[in-house]
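Only one structure is covered here, and it is reproduced in the block below.
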Amino acid sequence: MLINTVILFLRDALPIFVLVVYLYVHLQASKYWLALCFIVGAFLNLIYINQIHVIGQWFDGRGIELSLWLSQLFVYLLALILGHRLVYSASSYRYFLYWVAGLMVSLTLVSKGSNFILYFDGYLNQNNVLQSMLLGTFLGLGICFSLATLLYLAAKWLKQQLGPWATWSLILVYVTGQLVNSLPLLVQVDFIDESATAWNSQNFVSNEFEFGHLFSVLFGYQASPSIVQVIVYTLALLMPLAIFYWLNLNSTSHSGNKQ
Amino acid sequence: MIRPIQPIIPVKKLFVITTLAFSLFCHPLLAAVVEYHIQLRNHLFFPSQITIPANKKVKLVIDNQDNTPEEFDSFSLNRDKVIFANNKASIFIGPLEPGKYDFFGEYNPNTARGTVIVEHQKQESPDVN
């Protein structure tokens, strides 16, 4: 139970920590914003968990997978809005960006946090598990906080060296990874067909081990991804980068012409 | 005089395109697949080994008879599904290459463990959806 709890934290809590840290550095957000995100996210999470049996019955039993995948897609699209606002920066959009980022955190809390509630709700009532679960929670939270601190320092340094595009790129890599990792949800409920495996690096870095979990959270690492996942990953990562680079060049040349 | 509005795409063409799109994208929803049933009792999978045919999509129906939820998880199958207490859940797997694919219950990984064995088969299971 101890190890399970730690692994659950690595798999489901770490993505929340990583996203919060990236957004916190990217937007130079306040602590009030952070607190508000967690309150709204926790509230939405409770509603989702409360209705999860109903949602599970939607679309012939495919409701949970579809809702989780849609939330990842929505988080990805919201990250694109953050990128778009970097091209056309305006001070009046500052609060709008806080809303966008807040929604991203809240949706991630719903999709990742629901697993926690199910786990703790199901097992806390059992005898002899409370101690190991609490210990696992402290260990898991410790690992998440340590990694989040390291990422915070790294992201801050990158932003100082390369500007806000660097932190936005980190966010894009993260959301792309999460989006691609949610594709098997559609395959497992037979919404899309399984495609052939692109490669197998289980012997190199397995998804079962700590580094596999960490890389999966940071950039969507899969030891045996399907060809569809590789294609979607490449397109979802490179297309926004290319489009925003081109838009940035255009807006710079336009502002240069006006002067 | 008002001229009737001509549709950009003729209705017949639209029908053909829609039918083609439906048959392409909804093909997995309509295809018949073989079902395999697994029970979860006292945090153990029964049977803990199932053999399925190679290169075919199959449906695993997992019946959680415990009073606690469990998460069916497999790194090699790339599957991850919560099964509520005293509930059933379905997961589609395959087409797969011959080999062994381990799965486990994420909340009880020490006890709830199993293997999907994929091999070339001549006969199919009679339990067809």
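Odds and ends about this structure:
Rundown of residues vs (1) within 16 Å of the chain's Cα centre (by Cα); (2) β-branched (Val, Ile, Thr), yes/no style:
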| site | (1), (2) |
| --- | --- |
| A:4 | no, no |
| A:10 | yes, no |
| A:19 | yes, no |
| A:75 | yes, yes |
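- Only residues that are in a loop (DSSP other than H, G, I, E, B), within 23 Å of the chain's Cα centre (by Cα) and more than 9 Å from every other protein chain (Cβ to nearest Cβ) were counted in region A:179-197, giving 1.
- All positions within region B:57-76 that are open to solvent by 20 Å² or more (accessible area, probe 1.4 Å) and away from chain A (no Cβ under 11 Å): B:63, B:65
- Odd one out for residue A:44, checked against (1) touching a residue at least 24 places away in the same chain (Cβ under 8 Å); (2) of a type in the set (A, V, I, L, M); (3) open to solvent by 50 Å² or more (accessible area, probe 1.4 Å); (4) closer than 30 Å to residue A:206 by Cβ: (4)
Table: residues versus (1) in contact with a helix residue (DSSP H, G or I) (Cβ under 9 Å, 6 or more places away or on another chain); (2) part of a strand (DSSP E or B); (3) free of Cβ contacts under 8 Å to residues at least 12 places away in the same chain.
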| position | (1), (2), (3) |
| --- | --- |
| B:37 | no, yes, no |
| B:45 | no, yes, no |
| B:50 | no, yes, no |
| B:55 | no, no, no |
| B:62 | no, yes, no |
| B:67 | yes, no, no |
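- Filter pass, residue B:85 being hydrophobic (A, V, I, L, M, F, W, C), touching a residue at least 12 places away in the same chain (Cβ under 8 Å), open to solvent by less than 40 Å² (accessible area, probe 1.4 Å) and in contact with a helix residue (DSSP H, G or I) (Cβ under 8 Å, 6 or more places away or on another chain): yes
- First in region A:100-123 and without any contact (Cβ under 8 Å) to a residue 24 or more places away in the chain and over 14 Å from residue A:9 (Cα atoms), second anywhere and small (Gly, Ala, Ser) and open to solvent by 10 Å² or more (accessible area, probe 1.4 Å), Cβ under 9 Å, 6 or more apart: A:122/B:85
- Residues within region A:215-224 that are of a type outside the set (Gly, Ala, Ser) and crowded, with 18+ Cβ neighbours inside 10 Å, tallied: 3
- You will find that of A:74, A:96, the residue that is farther than 22 Å from residue A:140 by Cβ and either modelled with pLDDT of 90 or more or within 14 Å of chain B (Cβ to nearest Cβ) (or both) is A:74 and no other.
The values are calculated or read from the model by the stated rules, or taken from the named source; none is laboratory data. What you see is a predicted model; the values in this text were computed from it and never measured. A quick note on method: Cβ atoms are made from the backbone with ideal geometry, for glycine too, and the neighbour counts reach across all protein chains shown. Just the protein is used for accessible areas: all its heavy atoms, side chains included, with ligands, DNA and RNA removed. Shrake-Rupley method; radii C 1.70, N 1.55, O 1.52, S 1.80 Å.
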